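Below is one structure, written out as structure tokens, with a few remarks after it.
Since every read-out is calculated from the coordinates, none of them should be taken as a lab result. Nothing here was measured: the structure is a model prediction, and the numbers come from that model. Reconstructed Cβ throughout: ideal geometry from the backbone, glycine too, with neighbour counts over all protein chains shown.
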Amino acid sequence: MFLSELSLILFPALVIWAGIKDATSYTIPNWISATLALAFVPVALLLGLSLGQIGLAVLVAFTVLLVGIILFALRWIGGGDAKLLAACALWLGPTALMMFLLTTALLGGGLALGLLALRNPLLIPLVQRAPRWVGRLLTPGADVPYGVAIAAAALITFEQSPLLLQLQNPVIG
């Protein structure tokens, strides 16, 4: 059982790292989303998810990736955001997907409004003394690191993941 529980640390750790990287550099490294995607099947099998559950999670993630590609093409989100959304959807599966997307939208809107409020020209003297990444975040007209909202929403909804539910209520058979 220890290996099963240990394997579930991977998701929150990588999601947190993605949020930190996006906040500090406006990039989400591809290796984070790739590691999440590649690790899902072994973790799912280790925890006893059925092939049907795994296939459904893959279908959900693929659908989210397609929508993410469209949003990226429209320049509404970044490419790293689209990949992270899909990787998180894979781990969260159909049971948590709608709550994850809703929470992402709400947190993303709150993040955007908060940054708009903080990107006040009156704060420029304070921003100039802050670390470079804080200055980038608070620069008027700068992008919003949406990966922060995706990461936070993924952590909030992770308890609804089929993986976590399977660990809490294993099916014997």
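Using only DSSP helix segments of four residues or longer, with each worth -39500 (n - 2.57), what per-residue ellipticity at 222 nm results for the chain after dividing by its residue count and rounding to 500?
Working: 9 runs with 134 residues, N = 173.
Mean residue ellipticity, 222 nm, calculated: -25500 deg cm²/dmol.
What's the angle, to the nearest 10 degrees (0 to 90), between helix 79-118's Cα axis and the longest principal axis of the chain? Around 20 degrees separate the two axes.
How fast does the range 68-154 diffuse by Stokes-Einstein, in µm²/s, taking the Kirkwood radius from C-alpha pairs at 37 °C and 0.692 mPa s?
Working: Rh = 14.0 Å.
In µm²/s, the coefficient rounds to 234.
Based on the convex hull around the alpha carbon atoms, the range 9-164 presents an average projected area of 8.9 nm².
Full-extension gain between THR63 and LEU51, please, as 0.36 nm times their residue separation minus the C-alpha to C-alpha distance.
2.5 nm
Please give the contour-minus-distance gain from ARG129 to ILE156: 0.36 nm per residue of separation, less the Cα-Cα distance, rounded to one decimal in nm.
Details: separation 27, 0.36 × 27 = 9.72 nm, distance 3.29 nm.
Fully extending the segment from ARG129 to ILE156 adds 6.4 nm.
Measuring r between the beta carbons of LEU165 and LEU6 and using R0 = 25 Å, the FRET efficiency lands at 0.90. Here the chain is treated with +1 on each Lys and Arg Cβ and -1 on each Asp and Glu Cβ, and its dipole about the Cα centre works out to around 540 debye.
Share of Cα-Cα pairs in the range 1-61 beyond 15 Å, in percent? Taking all Cα-Cα pairs of the range 1-61, the fraction more than 15 Å apart is 57 percent. Relative to the present Cα-Cα distance, how much length would full extension add between SER25 and THR139 at 0.36 nm per residue of separation? That works out to 39.7 nm of additional length. With the gyration tensor restricted to C-alpha atoms of the range 64-116, the semi-axes of the equivalent ellipsoid amount to 19, 16, 8 Å, longest first.
With the simple spin-label model, which puts each label point 7 Å out from Cα in the Cβ direction, the LEU38 to MET99 separation comes to 3.1 nm.
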